[in-house]
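The values are calculated or read from the model by the stated rules, or taken from the named source; none is laboratory data. What you see is a predicted model, and the numbers here were worked out from it, not measured in a lab. Cβ placement follows ideal geometry from the backbone for every residue including glycine, while neighbour counts extend to all protein chains displayed.
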Amino acid sequence: MTNLRFVGDAREYFRIWIVNVFLTVLTLGVYSAWAKVRTERYFHGNTLLDDHRFDFVADPVRILRGRLLAVLALVTYTAVWHLQPQFGIYALTALMLALPALLVLAVGFRFHNTIHRNIRFRLDRDILGIYRAVGIPIAVALGTTLVIQYALSDWASTLEANSNGEFQAASLGLLIFSFCLMPLLPYLDFARSRFVASRAHFGTRGISFNSGAGRFYAVYLIGLGLWFLAMLAAFVIVAVLAWMAAGSGDENALARVEISSYMGIGIMYGLWVFVMGFFAARRRNVLIGALRIGDAGVTSELSGLWLGWLYLSNTLAILLSVGLLIPWAKVRTARYVAACTTVDVSSLDSVSAGIDDERSAASEEIGEAFGYDLGF
Amino acid sequence: MTSASDSINGRFYDGRVAKGTDVRVALSEGKLVATPPVFPAVPIAATKIPSRVGNTPRAIRLPDGGIVETDDHVTIDRWQSTHGLGQNFAHRLESSSASALASLVLLIAALAATTVWGVPYMARVIADRLPEDIAVDAGQYALQQLDQLVFEDSRLKTVDRIKLRMIFSTLQPENAAVSYQLEFRDGGRLGANAFALPDGTIVLTDQLVALAESKDELAAVLLHEIGHVDARHSLRLMLSHAGLAALTFTVFGDVTAAGSLVVLLPNALMDSAYSRDMEWDADSYAYERMSALGIPKQAFSDLLVRLPSSDAGFLSSHPPSPWRIARFAGQ
């Protein structure tokens, strides 16, 4: 098993990043497509597996096209919410319904344009498949929602009586649906990951996913537990701070309590970022660990505590540097994540490319533009 | 001045199998020749050389699909320039510290200019070009929501309403594109307030009517609200907000790995700055119309001063600033 290595350098990347941002702003976003390709080329090109590099070969023009379409869609969506808000809910639902398809397109675009040893990755374009994969849990949540709404129907009919009842009933429905969906989130994550992995290929070598949903539930539950603990800790800290600040109740007490409440919010946010990092590490370990490229295993051994700390210190650094340390943060994270990932390379030399068209579908650009990050 | 045969060390991948072979590639009479001969000699003009990204190794793409990966950038750059195979603009900007620093400075200036002037300007231009009735539904919807959540029926006496409507009719601008209507409500939790909806409906709360001590003060408020409608502020605000969001996304969109919610903070600050600008603009409108109609401008500042600081108008985000009050004072 060989480790991935990231050999990029923060100073070098800072220069690339600052020019990217500058030209993007100068061109009102048009350059963002080229900036994205350059960034990906930098991170891919500086990632080594057994002394072989990766590369990202997307055509910036196609990314730009996708982004323009996405902007158009976003503008339409925003316009509906502002100009015809009564239809806003339906626009939101349409967007939610489109998400699985956008996911497949986005990942497909990314895979298709990722190259290792001049062999492309590939994702079978099975749009129906993703709906089948996520359809059942969503149908279950939907069914439960309808049952609950029926049970509450007496109360709901009094809502309908006034002019906005329809909107309010729809909002309530959405709320109930969200609650029903929450326990199914780990399963959805699992189903989505399994779907993508099992349709992915490195050249002709298929990739498989070997894990049940159970490990995902474990990760989510641990994450949730940790989050509760963190919020509890934050609550206690804020209360203590406020009590200390109130002191003798003199005339400045109110101001001090206000300041302490801001500090409290800061502490809560920091803890939340830490928990997100911890959760991201554990989740990635499960996801990557389930992958096999043909017979070759892949492992990820991120430390939840360390990644949590990375996320937290990155956020602090970015805040204090007004964003200038973003490149440093990205390089630092990439280096750690790569070092914790190993691949069994013994059989990779014999992978062949297979018949494969170079161009990814035009529709994939749209998915890419929505920036849907699978976290692979 | 190209040497007839200069060469690079690299690795060849044929693109059919994942195995790589170390290779030395020489440029000889315009052709790339490999040692060992893993690929036949190809004219360099038939290859694609991607632009340079820092010191990341680049892959020369051969016409049959193979690549030669190399980090000998100096030679490759030279081959590129002598054979017209790409300019590496971005790399040249990125590779000098001076230009990186200049980028930083210009970036800050460009961002400041865009958020302070660019976005509101674009919002204004677009709003002016949109059809008049585009925001009518949204306005009516907003009023319905307010009626359900906060407002109650006005308890103003009919005779007072008639008087106010008469004043209102004298204030309406000529050749207005929308039809202005005056509505009365009990403001509930929102207290003394006035609102303008995009379709020309202006709402006065009973509490504000009670707070006013003269017709002129109410006229001033009504003119301020008409100012919001006339300049299509609600539409402009929405467009500014969207434009700012888009700008934030393009600039910081790729910052996911490090807790990117921090970038929303400047957004929130700019949004309230845009709102304050529009309050100021509506004040300007009121100022001019009050001059034209001979209404003493002191009336507006008198009322502003009396407004309890806990109330907030539809578009404003905080109590009236001393500047707004001073502008109308003593006039």
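Looking across region A:28-50 at every residue that is more than 7 Å from chain B (Cβ to nearest Cβ) and at positive phi, the one that is modelled with the highest pLDDT is identified as A:ASP50. Does B:PRO50 qualify as being closer than 22 Å to B:GLY30 by Cα and either at pLDDT below 80 or more than 8 Å from chain A (Cβ to nearest Cβ) (or both)? Against the criterion (closer than 22 Å to B:GLY30 by Cα and either at pLDDT below 80 or more than 8 Å from chain A (Cβ to nearest Cβ) (or both)), B:PRO50 does not qualify.
So that you can scan it fast, the table gives a plain yes or no per residue for (1) surrounded by fewer than 21 Cβ atoms within 10 Å (Cβ to Cβ); (2) of a type in the set (Asp, Glu); (3) within 14 Å of chain A (Cβ to nearest Cβ); (4) touching an Asp or Glu at 6+ places or on another chain (Cβ under 9 Å):
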| position | (1), (2), (3), (4) |
| --- | --- |
| B:VAL209 | yes, no, no, yes |
| B:GLU213 | yes, yes, no, yes |
| B:ALA219 | no, no, no, no |
| B:ARG232 | no, no, yes, yes |
| B:THR248 | yes, no, yes, no |
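In the set (1) modelled with pLDDT of 70 or more; (2) away from chain A (no Cβ under 11 Å), B:ALA312 fails one condition alone, (1).
Under the condition of being of a type in the set (A, V, I, L, M, F, W, C) and at the interface with another protein chain (Cβ under 9 Å from one of its Cβ atoms), which residue from region A:82-126 is surrounded by the most Cβ atoms within 10 Å (Cβ to Cβ)? I'd like the intermediate steps shown before the answer.
Keep residues of region A:82-126 that are of a type in the set (A, V, I, L, M, F, W, C), which gives A:83, A:87, A:89, A:91-92, A:94-99, A:101-107, A:109, A:111, A:115, A:119, A:121, A:123.
Going one step further and asking which of them are at the interface with another protein chain (Cβ under 9 Å from one of its Cβ atoms), we end up with A:83, A:115, A:119.
Values: A:LEU83: 21, A:ILE115: 19, A:ILE119: 26.
Out of the qualifying residues, it is A:ILE119.
Can you find a residue that is more than 24 Å from the chain's Cα centre (by Cα) and at positive phi anywhere in region A:81-92? For region A:81-92, residues more than 24 Å from the chain's Cα centre (by Cα) and at positive phi: absent. Residue pairs whose Cβ atoms lie under 8 Å apart, separated by 6 or more positions or on different chains, with the first residue in region A:101-127 and touching a residue at least 60 places away in the same chain (Cβ under 8 Å) and among the polar types (S, T, N, Q) and the second surrounded by fewer than 22 Cβ atoms within 10 Å (Cβ to Cβ) and assigned to a helix (DSSP H, G or I), are A:THR114/A:HIS44. Helices (runs of 4 or more DSSP H) fully within region B:92-171 that include at least 2 residues being β-branched (Val, Ile, Thr) and over 18 Å from B:GLU183 (Cα atoms): B:97-113, B:119-129. For residues that are modelled with pLDDT under 90 and out of contact with any helix residue (DSSP H, G or I) (no Cβ under 8 Å at 6 or more places or on another chain), scanning just region A:1-27, find the one that is farthest from the other protein chains (Cβ to nearest Cβ). Looking at residues that are modelled with pLDDT under 90 and out of contact with any helix residue (DSSP H, G or I) (no Cβ under 8 Å at 6 or more places or on another chain), I get A:MET1.
Give me the residue from region B:161-181 that is in contact with a strand residue (DSSP E or B) (Cβ under 7 Å, 6 or more places away or on another chain) and charged (D, E, K, R) and, out of that set, surrounded by the fewest Cβ atoms within 10 Å (Cβ to Cβ). Can you show your working first?
Of region B:161-181, the ones in contact with a strand residue (DSSP E or B) (Cβ under 7 Å, 6 or more places away or on another chain) are B:161, B:164-165, B:168, B:180-181.
Adding the requirement that they be charged (D, E, K, R) leaves B:161, B:165.
Values: B:ARG161: 16, B:ARG165: 12.
Going through the qualifying residues, I end up with B:ARG165.
When the helices (runs of 4 or more DSSP H) confined to region A:142-218 are screened for residues that are modelled with pLDDT under 75 and surrounded by fewer than 17 Cβ atoms within 10 Å (Cβ to Cβ), those reaching at least 3 such residues are found at A:153-161, A:165-181.
Checked against (1) out of contact with any Lys or Arg (no Cβ under 6 Å at 6 or more places or on another chain); (2) within 10 Å of another protein chain (Cβ to nearest Cβ); (3) surrounded by fewer than 19 Cβ atoms within 10 Å (Cβ to Cβ), B:ARG61 passes all but a single condition, namely (1).
Which of the residues belonging to region B:315-328 are at pLDDT 60 or above and either of a type in the set (Ser, Thr, Tyr) or within 18 Å of B:LEU211 (Cβ to Cβ) (or both)? Even if it seems obvious, please write down each step before you answer.
Of region B:315-328, the ones at pLDDT 60 or above are B:320-328.
Matches in region B:315-328: B:PRO320, B:SER321, B:ARG324, B:ILE325, B:PHE328.
When residues of region A:56-81 are filtered for being buried (at least 16 other Cβ atoms within 10 Å of the Cβ) and outside any helix (DSSP H, G or I), how many remain? Of the residues in that region, 3 qualify.
Against the list (1) touching a residue at least 24 places away in the same chain (Cβ under 8 Å); (2) within 7 Å of chain B (Cβ to nearest Cβ); (3) assigned to a helix (DSSP H, G or I), the condition A:ARG53 fails is (3).
So, in region A:295-315, of the ones that are buried (at least 18 other Cβ atoms within 10 Å of the Cβ) and in contact (Cβ under 8 Å) with a residue 40 or more places away in the chain, which residue ends up nearest to the other protein chains (Cβ to nearest Cβ)? In this case the residue turns out to be A:THR315.
In region A:333-348, what count of residues is obtained for those that are at the interface with chain B (Cβ under 9 Å from one of its Cβ atoms) and closer than 27 Å to A:PHE14 by Cα?
3
Evaluated against (1) in contact with a Phe, Trp or Tyr (Cβ under 9 Å, 6 or more places away or on another chain); (2) at pLDDT below 85; (3) surrounded by fewer than 18 Cβ atoms within 10 Å (Cβ to Cβ), B:LEU244 falls short on exactly one condition, (3).
Which numbered condition trips up B:ASP199, out of (1) outside any loop (DSSP other than H, G, I, E, B); (2) within 14 Å of another protein chain (Cβ to nearest Cβ); (3) buried (at least 18 other Cβ atoms within 10 Å of the Cβ)? The number of the failed condition is (1).
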